[in-house]
Amino acid sequence: MSINITTLASRLNIDRMTVGRWIRRYNEYLSPPSNPYKGKSRILNDTDVRVLYLVATLRDTGISHDEIIQRLDELQADGWQQLPEVPPEWDVDDDQTITTSQAASRAYELAQVAVLQTELQHTRQSLELAQSRLKELESQLHTVSGEKDELSQQKHAQEQEFSQQKHRLELEVSQAKGEVSRLEAQLTAYSMTYSLGGNKPVSPVWIILVTALTAVVLTIVTVAIVFLLT
């Protein structure tokens, strides 16, 4: 369907200047013939008409300009697959057009359909984002669970290593205690060997005196024996 701006304004039940203002405002979503050079006729193709029809229906429902731009961006990115169709009555000849009240009623119904279609598209996109987020969170949970298992295994291995080290140290301590006891016993034996009546060592003077006294006694005994025999 290719119509001019006057026909579109009539079918949208708005003035021609408003349609022209919309064409300039949303020109990035329209075809080049809809914004021709000066002196050339303005032609709106089927997509142009559907875009402007959507703009009209969204504005009738109170949606802001920024929201309209956002939805047009989404629909354009999708190749206009979800762009609403114009009312079937628009395909009839001008002399067979429906009345203004019929057109207004039909336009309101289609406006509601267009809004629902747009909301459906938003819901689908939100669902896709939520599903993507769910997969990401599940992947993170799997990773964290794997790291937890790995840390648990590492902890078990460390506990075994610490247990072995403890056992080895306990053996070394026991051996060291045995060596200490042996050395203490040996030291005690040495002390008893080289001390007299206690832990005090024997003085060399005493050794000399005992030796001299023993010699004197032996001499006296010898002399006495000789005297008795003679």
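The values are calculated or read from the model by the stated rules, or taken from the named source; none is laboratory data. A quick note: this is a predicted structure, and the numbers were derived from the prediction, not measured. Cβ coordinates were reconstructed from backbone atoms using ideal geometry, including for glycine residues, and neighbour counts include every protein chain displayed.
Being under 30 Å from Leu72 (Cα atoms), out of contact with any Asp or Glu (no Cβ under 7 Å at 6 or more places or on another chain) and at pLDDT below 75: is that true of Arg133 here?
When the stated conditions are applied, Arg133 does not pass them.
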Failed item, numbered, when Ser101 is tested on (1) surrounded by 10 or more Cβ atoms within 10 Å (Cβ to Cβ); (2) closer than 21 Å to Leu54 by Cα; (3) modelled with pLDDT under 80; (4) not acidic (Asp, Glu): (1)
Residue within the range 46-55 that is loosely packed, with under 14 Cβ neighbours inside 10 Å and either touching a residue at least 40 places away in the same chain (Cβ under 8 Å) or not basic (Lys, Arg) (or both) present: no
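Residues are listed down the side, and each one gets a yes or a no for (1) at pLDDT 80 or above; (2) hydroxyl-bearing (Ser, Thr, Tyr); (3) surrounded by fewer than 10 Cβ atoms within 10 Å (Cβ to Cβ):
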{"position": "Ser126", "(1), (2), (3)": "no, yes, no"}
{"position": "Thr143", "(1), (2), (3)": "yes, yes, no"}
{"position": "Val180", "(1), (2), (3)": "no, no, no"}
{"position": "Ile208", "(1), (2), (3)": "no, no, no"}
{"position": "Val217", "(1), (2), (3)": "no, no, no"}
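What's the total number of residues in the range 59-87 that are part of a helix (DSSP H, G or I) and of a type outside the set (Gly, Ala, Ser)?
So the answer is 14.
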Asp60 closer than 27 Å to His122 by Cβ and exposed (fewer than 13 other Cβ atoms within 10 Å of the Cβ): no
Any hit, the range 70-93, residues being among the aliphatic types (A, V, I, L, M), over 30 Å from Thr123 (Cβ atoms) and assigned by TED's automatic domain parsing to the domain that holds Thr123: yes
Yes/no for Ser34 being surrounded by fewer than 13 Cβ atoms within 10 Å (Cβ to Cβ) and more than 48 Å from the chain's Cα centre (by Cα): no
Ser139 vs. criteria surrounded by 10 or more Cβ atoms within 10 Å (Cβ to Cβ), assigned to a helix (DSSP H, G or I) and modelled with pLDDT under 75: no
Output for the range 17-58, where each listed residue is in a helix (DSSP H, G or I) and charged (D, E, K, R): Arg21, Arg24, Arg25, Glu28, Asp46, Asp48, Arg50
